[in-house]
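The values are calculated or read from the model by the stated rules, or taken from the named source; none is laboratory data. Since we're looking at a predicted model, the values are computed, not measured. Positions of Cβ are backbone-derived with ideal geometry, glycine not excepted, and every protein chain shown enters the neighbour counts. Heads up: the accessible areas ignore ligands, DNA and RNA and are worked out on the full protein's heavy atoms, side chains in. Shrake-Rupley method; radii C 1.70, N 1.55, O 1.52, S 1.80 Å.
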Amino acid sequence: MKLRSRHLLALEGMSKDEITLILDTAETLKEILARPIRIVPTLRGVGVVNLFYEASTRTRISFELAEKRLSAEVVNFSASTSSVKKGETLKDTVRNIEAMKIDMVVVRHQASGVPYFLTQCMKASIINAGDGAHEHPTQGLLDVFTVREKYKRIKGLKVVIVGDIKHSRVARSDIWGFTALGADVSVCGPTTMLPLEIEKMGVKAYSDLDQALEGADVVNVLRIQLERQRGSLLPSLREYSNKFGITRDRLNRLNQNFTIMHPGPINRGVEITPEVADGPHSVILDQVTNGVAVRMAVLYLLSGGEGKVE
Amino acid sequence: MPKKQKIVLVMDAKAVERALIRVAHEMVEKNKGAENLAVIGIKTRGAYLAERIAKLIEQIEKVKIPVGLMDITLYRDDIQTKLEQPVVQKTEVLFDVVDKVIVLVDDVLFTGRTIRAALDQIIDFGRPKNIQLAVLVDRGHRELPIRADYVGKNIPTAKDDRVNVKITEVDKEDSVSIIKQ
Amino acid sequence: MNNYEKEKGVVSEFDLAIVGGRVIDPESKTDRIADIFIRDGVIKRIEKPKSKLGAKETIDAKEMIVVPGLIDMHTHLREPGREDEETIYTGSCAAVAGGFTSVCCMPNTHPPIDNQETVKFVYEKAKQAKCKVYPIGCITKNQMGEELTEIYDLVQAGVVAISDDGKPVSDPQVMRNALEYCRMFDLPVISHCEDLNLSGSGVMHEGFVSTSLGMSGIPSVAEEIMVARDIKLAEFTKAHLHIAHVSTEGSVELIRQAKKRGIKVTCEATPHHFSLTHEIIRTFDTNAKVNPPLRSKKDVEAIKKGLADGTIDCIATDHAPHSIEEKDVEFDFAPCGMVGLETALGLVVTELIEKKILSWSQAIAKLTINPAKILNLNGGRIKKNFPADITIIHPKTLWVVDPTKFQSKSKNSPFGKKRLRGKVFCTIVGGEVRSRE
Ligand SMILES: [Zn+2]
């Protein structure tokens with residue numbers, strides 16, 4: 001079993017077997033994080049660039065930790081400290097990185113399709129760390145991993161994603177990841193934040209939260225972008241919070257042993273109340289730990305793809 | 001047309017059993033008992049051999065010794081040249097290695113690279129008193145300065161011969177044969 | 001002069017003969033094998049095959065289709081201002097390579113064609129061009145959508161229509177005035193229909209593909225709301241409205257109904273809007289980023305139906321050259337537009353004629369006589385005493401699009417490697433062979 005691509009651009013189109021391979025590998029690698037020396041020499045000599053055009057401390061640190069645990073050589077390149085501000089094009093930046101003989105590039109960008117763009121102009125393996133509202137595949141994988149770790153299965157679980165579905169790359173990767181493994185996925189949000197024809201992705205769409213939560217096992221609460229109010233997608237955050245905020249009162253509709261997830265960072269009191277976010281059903285901190293293991297698995301599985309056949 | 005292969009059986013089940021019993025005795029003798037001893041088998045077949053040796057020692061010395069299983073994939077030195085990444089299996093060393101006498105167990109000793117990887121990994125778990133090596137078969141052709149402390153059988157081979165070790169737990173029988181190309 | 005004539009000592013009466021081809025003139029419903037004789041840039045005689053008439057030069061058009069020179073009523077030639085992307089000369093080379101003998105160039109140049117001087121500049125440059133070039137003037141000064149240009153001046157300088165293409169005229173009062181004013185000159189107003197508030201930050205059609213790619217969408221209604229508004233204004237002002245690059249099912253239906261009610265509205269569709277859907281954006285090919293965007297399959301079917309039932313009058317390329325540097329960027333940041341002059345005919349044959357959506361005669365009408373009538377151009381016919389603008393097509397040739405071989409200065413086409421049926425064999429402008437395979 002191996003991954004079909006030497007890049008990780010999206011979970012759309014990935015098979016159940018491929019996703020399972022990544023999750024199984026992550027499960028094994030998670031053990032390393034508990035060792036006295038939490039580092040293995042696997043990617044010694046492998047150069048990885050973290051190319052971040054969008055500020056994202058969490059994702060970047062998680063990737064960097066995963067890279068370092070595997071002994072890769074890590075270079076951070078973020079838009080604020082680089083030549084991007086001087087008007088250098090993405091293509092030029094990429095050419096420069098290519099000249100540095102880099103093996104893997106982890107990229108975060110505000111425009112959809114940039115990771116794909118990189119595969120067209122460089123030899124390195126490309127890992128998407130979030131592109132526009134398109135996908136955030138490692139987040140999708142770590143969400144599926146976290147749920148699988150708790151329930152020992154994905155098939156048949158009812159997963160509800162709540163929030164601004166239209167502008168969420170996490171929602172898209174979660175949808176593809178969970179549905180590939182047989183979960184029953186629903187999305188829920190204000191009608192202005194449900195993109196056209198979302199049902200074609202294999203999910204049910206709701207704008208009534210109580211209806212969506214009925215019989216759910218997992219609720220993934222998305223961060224609501226505070227600036228959406230300006231685009232008149234929302235009259236006010238107060239109104240959003242009243243209609244879509246996850247509060248303790250609403251949780252009695254869920255199945256026993258339910259799970260609350262959030263990709264972070266949390267707007268406490270807006271999309272979720274602190275008592276739910278910090279409550280016994282929350283796996284929000286497990287998600288952070290698992291993020292490192294999942295990213296290690298992805299780095300490991302995508303490295304060394306250009307070897308000779310023995 | 002595939003080339004004609006010649007298969008030579010070098011150890012049958014009885015020979016494997018005798019070799020393991022002898023190795024277990026040698027370990028106890030060399031370490032003057034089994035008090036501070038632990039065995040770590042290298043996956044896949046070395047792991048089963050380690051379990052068997054631990055049982056044999058238990059019979060001889062009437063003490064239970066810790067057994068660990070180790071996958072050395074993440075410590076291999078050829079990971080970047082492989083076309084397909086090997087599946088990483090679980091490493092389970094659930095005891096503290098510090099100050100223990102660790103006996104690494106593998107089925108075949110060949111280039112020595114697997115053992116090098118295993119040594120690195122053990123040292124990342126802690127600082128043992130010393131590390132010894134037991135193998136069922138030593139077939140020669142070392143690429144690193146590594147030698148075994150306990151050898152079931154020395155088998156001279158050509159470099160491109162294949163040594164096929166079968167273990168009941170995975171292969172339904174115990175045997176060692178050489179496949180001559 | 002052929003040998004027969006030399007022996008006989010006959011002096012050729014004609015400059016050029018096109019013999020043995022299947023001649024299609026949609027306006028007269030002509031579709032037969034005939035020989036065409038040209039002198040002084042004018043079609044002089046159309047004879048039954050094997051006529052004894054001689055000419056200085058003869059083109060054997062056996063197995064070929066001979067049609068009036070194609071007219072592209074929607075071309076961006078980029079001169080003045082972006083000569084790095086295209087010039088009037090290079091654009092005309094692309095035009096004749098694609099079988100076009102006339103192109104109408106849109107005024108969104110730098111500076112825009114919003115005054116007599118710039119119109120004159122275009123005509124001056126066009127003297128060296130390989131095909132006829134007819135400028136279209138701006139509706140509003142600097143295409144700002146606020147004040148009308150000096151339209152009478154522009155007409156006198158020779159514009160064939162006015163348009164703010166690239167941008168809509170957002171203010172309905174300005175659009176009303178433009179239509180009303182142009183009625184005086186019988187001048188069509190070409191409208192780029194887009195509600196900018198609705199299209200917002202959109203970079204592609206809003207539908208399942210934009211949803212799964214997480215890209216901002218341009219909804220169909222952003223176009224349709226303006227088509228509806230402009231139709232209402234055309235009805236009210238009784239002026240001639242021409243809607244550029246129709247791309248949605250709803251727009252086609254609005255125009256169909258307007259025509260039924262007798263409103264003076266005409267429209268065009270581009271080859272890419274009847275050949276491609278938004279699915280192609282899944283490869284993030286910025287060459288497929290156009291405005292209006294490539295729509296859904298349902299819309300493409302509606303465009304084809306509109307072409308077939310005559311709702312859509314013309315096929316126009318919206319040839320929009322862009323440099324590689326500008327296109328080789330993030331999809332969100334790439335400019336809109338693709339080149340189209342050199343693939344238009346192949347797409348018409350492959351997607352419409354081969355698939356029996358249109359007959360040869362219907363298809364050619366949408367590329368010749370229909371735009372000629374809309375813009376009052378002297379052309380679009382194969383008829384005695386008409387200008388000898390003629391395109392000879394090899395209908396069966398299968399070829400593979402290779403943008404690097406384009407005559408156009410820009411290569412931004414998403415059709416690279418596509419196999420097309422139907423190739424231009426020869427393009428004749430004013431009796432002169434300007435392109436030949
Ligand atoms: Zn336009």
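At-a-glance table
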quantity	calculated
Matching residues, the range C:270-296, being within 16 Å of the ligand (Cβ to nearest atom) and assigned to a loop (DSSP other than H, G, I, E, B)	C:THR270, C:LYS289, C:VAL290, C:ASN291, C:PRO292, C:PRO293, C:LEU294, C:ARG295
Conditions (1) within 14 Å of chain A (Cβ to nearest Cβ); (2) over 30 Å from A:GLU73 (Cα atoms); (3) open to solvent by 10 Å² or more (accessible area, probe 1.4 Å): number failed by B:GLU29	(1)
Whichever residue in the range C:156-169 is more than 16 Å from the ligand (Cβ to nearest atom) and over 21 Å from the mean Cα position of the chain (by Cα) and, among such residues, is most open to solvent (accessible area, probe 1.4 Å)	C:GLN156
Residue count for the range C:221-245, restricted to those that are within 14 Å of chain A (Cβ to nearest Cβ) and within 16 Å of the ligand (Cβ to nearest atom)	1
Helices (runs of 4 or more DSSP H) within the range A:138-247 that include 2 or more residues open to solvent by 60 Å² or more (accessible area, probe 1.4 Å)	A:237-244
Cβ pairs under 9 Å, 6+ apart, first in the range C:183-196 and farther than 17 Å from C:GLU268 by Cβ and of a type in the set (D, E, K, R), second open to solvent by less than 20 Å² (accessible area, probe 1.4 Å) and within 14 Å of the ligand (Cβ to nearest atom)	C:ASP195/C:PRO168; C:ASP195/C:ALA222; C:ASP195/C:GLU223; C:ASP195/C:MET226
Qualifying residue in the range C:321-328 (condition: more than 16 Å from the ligand (Cβ to nearest atom) and either open to solvent by less than 20 Å² (accessible area, probe 1.4 Å) or more than 14 Å from chain A (Cβ to nearest Cβ) (or both))	yes
Residue match in the range B:111-132 (condition: under 22 Å from B:ILE7 (Cβ atoms) and in contact with a helix residue (DSSP H, G or I) (Cβ under 7 Å, 6 or more places away or on another chain))	no
Residues of the range C:184-203 satisfying the condition of being within 14 Å of the ligand (Cβ to nearest atom) and in a loop (DSSP other than H, G, I, E, B)	C:HIS192, C:CYS193, C:GLU194, C:ASP195
Residue match in the range C:142-155 (condition: among the small types (Gly, Ala, Ser), surrounded by 20 or more Cβ atoms within 10 Å (Cβ to Cβ) and touching a residue at least 12 places away in the same chain (Cβ under 8 Å))	no
Some residue of the range C:297-319 being within 16 Å of the ligand (Cβ to nearest atom), of a type in the set (Ser, Thr, Tyr), part of a loop (DSSP other than H, G, I, E, B) and open to solvent by less than 10 Å² (accessible area, probe 1.4 Å)	yes
Residue check for C:TYR134: away from chain A (no Cβ under 14 Å), more than 16 Å from the ligand (Cβ to nearest atom) and within 27 Å of C:ILE303 (Cβ to Cβ)	yes
Selection count where residues are more than 10 Å from every other protein chain (Cβ to nearest Cβ) and over 15 Å from B:VAL39 (Cα atoms), scope the range B:112-126	4
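To keep it simple, each residue is scored yes or no on (1) within 14 Å of chain C (Cβ to nearest Cβ); (2) modelled with pLDDT of 95 or more; (3) on the phi < 0 side of the Ramachandran plot.
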| residue | (1), (2), (3) |
| --- | --- |
| A:THR89 | yes, no, yes |
| A:ARG95 | yes, no, yes |
| A:GLU98 | no, no, yes |
| A:VAL107 | yes, yes, yes |
| A:GLN110 | yes, no, yes |
| A:ALA129 | no, yes, yes |
| A:PRO137 | yes, yes, yes |
| A:LEU141 | no, yes, yes |
| A:VAL147 | no, yes, yes |
